[in-house]
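Enquirer: Take this structure first; my questions come after.
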Amino acid sequence: MWIVGSEKELPQDHQETPPEAMGRWGSGRAKRLATFISGLVECMCFAGVIFGWASLVFVLKDSKYFEDLCVPAVNQTANQTDCSAQDEQFSLIFTIGSFMNNFMTFPTGYVFDRFGTTAARLLAISSYTSGTLLIAFSTAATAMMLFPAVSFLSIGGILLILTNMQVGNLFGKHRSTVITLYNGAFDSSSAVFLVIKLLYEQGLSLRSMFLFMSACSAWHLVRTSFLMPRSHIPYPLPPGYTYGLSCQRRSQSYRTYEEQHSSKVPNDHQASESDNLHPDSALKEDNAANKVLAAKDETKAAPKLKEPAMISFRSCVFSQLFFWHLMWLSVMQLRHYLFIGTLNPMLIHLSDGDGVLVSSYTNAFAFTQLCGVLCAPWNGLILDRHKRGQKKGSSFQVAPDSLADLRSCILSLTITVLQCIAFSVCASIPVLPVQYATFILQVLSRSFLYGGNAAFLAIAFPLEHFGKLYGLVMGLSAVVSLLQYPCFSLVKGPLHGDPFYVNIGLIVLMLLALVSPFTVWRECKRRQKDWDAAHPTDTSALPAGKPGLESSI
């Protein structure tokens, strides 16, 4: 549907035929689709590769990294060795890498919020390339290079997913689904190390494979220039929004599907479109044009509505919603990190050192990680569909959209906790075939965890604080994730390789995560009550473009 003023209302030299107009709208739609698909590929192939650590450890052990830490086993034959110190070293590398993956999200999130997408992505590409080059040129003699290498991979990967999640803003009502899909692709990228393991077994060298990954940085640079904004993608999209490198005089007259169908005043659109088509009205800077057009639409749509008060970053951080969401993420993330970091020694323990079984189960675990991109959108569908169901209910017709969004998070948060508890129960059973079920539940739970985390922060708090809040919650949860190394030492030492009691303790700890959805439910009740008291007879809808601003603490 093309909304434009009649030809009589436009000067003759400024008329534009509908086919040309439709073509320009179609090119904008194609660009958004290209951005979405390329971002999905980027997240799936690069962002979260370190979580395939178990597959890479298999290769590193075969390449004799830290083999000097293995000593002859006590009370065993001369052919058997005790490599627990080697396992601890690999566990320490993953602990530090996963810590950096979360902890550095706060300063990098600040960079993203303050300096925009281009600066954040250049930092991500530099960090990621440094990590791949360090691994490529490392050897068994220089195995300590793995410590900074894995940290660089972590920082680069988390910045890639952080800058890509804003792509969901291009798709309106499907925003939560896109965000969770990208987080699922982040989880699936852990299968990249499985591909490296399989290619290594076919004769390719570790160096050549990581040099290829370094060369892929050219792809990231091209995408940064042509398919990503210089600053940020706003939500909702203002009329005529464009991004990336494009022709300076290109018309900005196309609109998104949501903008077209939500428009109710044709004359306003005609005036806006006429302004866009006039060559003298084209602004050189996209951001300035977007602000002018957005302000114009908001003024015409709701001239009598008062702008909501801005919520400070401090008030968001010190709210109960943020605190219990931090606990929700931290305890479940610790469970996942400990499982990934100790998977290789756990499989060795359950298989009595059978290398063939260890390799087979490692491959099975890595293959299940590929399903993360398929599982994560389910959480987004729960959020989006449950939101629409809430808005259809009679008690929410007069409530702001942000309240319906927040209420839709309750079911998602609860399901994620129950999935993680089921995964932990299976992981506690010391039977090797049961671990197939553990792998499936683990990837399902993990894809819900990170997708739900990003979607909740985008819904519950103002959008201008998203980068900082996302970075802060990941950074603080990283401090909790450091407990995985003491847990690993406890299993390898006093518990003699049996993680049963540690697993039981983690299951009990995860009950704390159930407080988060309860807190959200209580907050929704309070906001609904406040809204009903302030608007006893007002049934008009709030203007679009202010998601999260009603999220008072």
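Enquirer: Going by a ≥ b ≥ c, the root eigenvalues of the Cα gyration tensor, does region 467-518 fall in the rounded group (a/c under 1.5), the prolate group (a/b larger than b/c) or the oblate group? If you can, show how the numbers build up before the last one.
Expert: Working: a/c = 5.48, a/b = 1.66, b/c = 3.31.
It comes out oblate by the Cα gyration axes.
Enquirer: Order these peptides, 52-60, 461-469, 132-140, by their mean beta-carbon neighbour count within 10 angstrom, highest first.
Expert: Final packing ranking: 52-60, 461-469, 132-140.
Enquirer: Taking θ as phi - 60°, what are the ³J(HN,Hα) couplings along region 89-105 by the Karplus curve (6.51, -1.76, 1.60), each to the nearest whole Hz, with x for Gly and Pro?
Expert: So the Karplus estimates, Gly and Pro as x, are 5, 5, 5, 5, 4, 5, 4, 5, x, 5, 5, 5, 4, 9, 5, 6, 5 Hz.
Enquirer: Taking 24 Å as the cut-off for C-alpha to C-alpha distance, list the pairs among Lys31/Lys197; Lys31/Lys173; Lys468/Lys525 that go past it. Spell out each step's value before the answer.
Expert: Numbers: Lys31/Lys197 35 Å; Lys31/Lys173 18 Å; Lys468/Lys525 27 Å.
Exceeds cut-off: Lys31/Lys197; Lys468/Lys525.
Enquirer: Let me check I've understood the local charge: for Phe112, count other residues with C-beta under 14 angstrom from its C-beta, Lys and Arg +1, Asp and Glu -1. What total comes out? Intermediate results must be reported in sequence, preceding the final value.
Expert: Numbers: positive: Arg114, Arg121, Arg230, Lys468; negative: Asp113, Glu464.
Surrounding charge for Phe112 is +2.
Enquirer: Taking K and R as +1 and D and E as -1, what net charge do the other residues with C-beta under 13 Å from the C-beta of Val167 add up to? Before the final figure, lay out each step's value.
Expert: On the way: positive: Lys31, Arg32, Arg121, Arg175, Arg223; negative: Glu42.
Spelling it out: positives minus negatives among the neighbours equals +4.
Enquirer: Moving to a separate point now. Amide H to amide H under 5 Å from Asp82: which residues, 5+ apart in sequence or cross-chain, H placed 1.01 Å off N in plane?
Expert: For Asp82, whose amide H was placed from the backbone, the distant partners under 5 Å are Val71, Ala73.
Enquirer: Still on this structure, I have one more. Per 10 Å bin, what is the whole-percent P(r) computed from every C-alpha pair distance within region 174-253?
Expert: Answer for region 174-253: a P(r) of 13, 28, 30, 18, 9, 1 percent.
Enquirer: Got a number for the accessible area of Arg407? Probe 1.4 Å, square angstrom, nearest 10.
Expert: 30 Å²
Enquirer: Separate question: Using a Förster distance of 45 Å, how high is the FRET efficiency between Lys173 and Asp354, based on the Cβ-Cβ distance and rounded to 0.05?
Expert: Once rounded, the FRET efficiency stands at 0.30.
Enquirer: To continue, here is another question. To the nearest 10 square angstrom, how much accessible area does Ser38 have with a 1.4 angstrom probe?
Expert: Accessible area of Ser38: about 10 Å².
Enquirer: Provide the packing ranking of 326-336, 104-114, i.e. peptides ordered by the mean count of other C-beta atoms within 10 Å per residue, highest first.
Expert: 326-336, 104-114
Enquirer: Where does each of 217-224, 445-452 land if you order them by average Cβ count within 10 Å, highest first? List each step's numbers first, then the result.
Expert: On the way: 217-224: 16.1, 445-452: 28.1.
Final packing ranking: 445-452, 217-224.
Enquirer: Pop out the ³J(HN,Hα) list for region 363-371 in order, Karplus 6.51 cos²θ - 1.76 cosθ + 1.60 with θ = phi - 60°, rounded to Hz; leave Gly and Pro as x.
Expert: My calculation for region 363-371 gives 5, 4, 4, 5, 5, 5, 5, 4, 6 Hz in order.
Enquirer: Which number do you get for Rg(Cα) / (2.2 N^0.38 Å) in region 449-535? Spell out each step's value before the answer.
Expert: Working: Rg = 18.6 Å, N = 87, 2.2 N^0.38 = 12.0 Å.
The value comes to 1.55.
Enquirer: Calculate one ³J(HN,Hα) per residue across region 43-50 by plugging θ = phi - 60° into the Karplus curve 6.51 cos²θ - 1.76 cosθ + 1.60, and present them in order as whole Hz with x for glycine and proline.
Expert: The phi angles translate into 5, 6, 9, 9, 5, x, 5, 5 Hz.
Enquirer: What do the square roots of 5 times the Cα gyration tensor eigenvalues come to for region 108-172, in whole Å, largest first, as semi-axes of the equivalent ellipsoid?
Expert: Working: eigenvalues 170, 23, 13 Å².
Semi-axes, largest first: 29, 11, 8 Å.
Enquirer: Which of the three applies to region 86-138, rounded, prolate or oblate, going by the alpha-carbon gyration tensor with a ≥ b ≥ c and a/c under 1.5 meaning rounded? Please report the intermediate quantities before stating the final value.
Expert: Numbers: a/c = 6.17, a/b = 1.68, b/c = 3.68.
Cα axes put region 86-138 in the oblate bin.
Enquirer: Under a Cβ-Cβ cut-off of 14 Å, what is the net charge of the residues other than Trp324 that fall near it, where Lys and Arg count +1 and Asp and Glu count -1?
Expert: On the way: positive: Arg522; negative: Glu523.
So the surrounding residues net to 0.
The values are calculated or read from the model by the stated rules, or taken from the named source; none is laboratory data. All of these numbers come straight from a predicted model, not from anything done at the bench. All Cβ positions, even for glycine, are placed from backbone atoms using ideal geometry, and neighbour counts span all protein chains on display. The area values use the complete protein model at the heavy-atom level, side chains included, leaving out ligands, DNA and RNA. Shrake-Rupley method; radii C 1.70, N 1.55, O 1.52, S 1.80 Å.
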